Amino acid sequence: MNTSAPVSTIMTTQLLTLHPDDSFQAVKKLFEEKDFHHLPVVEPGGRLVGIISKEDLYKVAYILTLNTTGPTYSLKQMESLTAKDMMTRYPIFLDPDDSIGLAADIFLANKFHALPIVEDDTLVGIVTTHDLLRYSFMDVEHPKAAEGK
């Protein structure tokens with residue numbers, strides 16, 4: 001695996017994003033409808049302001065159920081929440097020219113599973129641990145296949 005290759009070679013560029021004022025229900029619906037685990041939060045113009053993981057959403061819902069008096073009140077509280085209330089603000093991000101090795105180091109050191117890719121203050125992609133695994137396995141040639149050549 002070429003760890004010095006730029007993350008731009010493996011990043012996802014067709015992104016679904018959230019706006020800071022999107023409701024709890026909108027965030028929940030997007031996670032339910034799509035097989036994503038992380039959603040970047042951007043302001044108009046594409047400036048990254050945060051990221052929400054599916055785990056973040058579950059934690060907020062769980063804490064609300066513990067701290068409220070019942071399901072009706074919990075639902076009312078959830079209705080008042082927006083993406084900016086749940087997101088990780090100022091997430092670590094990479095430049096498209098940063099190396100895949102750097103992304104791997106950040107994933108390992110911080111137990112992250114997604115890194116937004118930002119260029120000129122605009123979100124241009126995202127790299128996940130799944131992207132990194134896919135890249136590493138596509139790069140490795142199976143020994144049996146090599147014998148048949």
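The values are calculated or read from the model by the stated rules, or taken from the named source; none is laboratory data. Small disclaimer: the values here were computed from a predicted structure and weren't measured. Here Cβ is always computed from backbone atoms with ideal geometry, including for glycine, and neighbour counts include all displayed protein chains.
Brief remarks follow.
- In region 1-43, residue farthest from residue 138 (Cα to Cα) [restricted to those that are assigned to a strand (DSSP E or B) and of a type in the set (Ser, Thr, Tyr)]: 23
- Note on region 70-111: residues that are under 17 Å from residue 41 (Cα atoms) and out of contact with any strand residue (DSSP E or B) (no Cβ under 9 Å at 6 or more places or on another chain) total 1.
- Residue within region 60-78 that is of a type in the set (D, E, K, R) and either touching a residue at least 24 places away in the same chain (Cβ under 8 Å) or within 22 Å of residue 35 (Cα to Cα) (or both) present: no
- The set of residues in region 1-38 being closer than 18 Å to residue 95 by Cα and without any contact (Cβ under 8 Å) to a residue 24 or more places away in the chain consists of 14 alone.
- Residue 88 vs. criteria surrounded by fewer than 16 Cβ atoms within 10 Å (Cβ to Cβ) and at pLDDT below 90: no
- Verdict on residue 93 being surrounded by 12 or more Cβ atoms within 10 Å (Cβ to Cβ), hydrophobic (A, V, I, L, M, F, W, C) and closer than 20 Å to residue 125 by Cβ: yes
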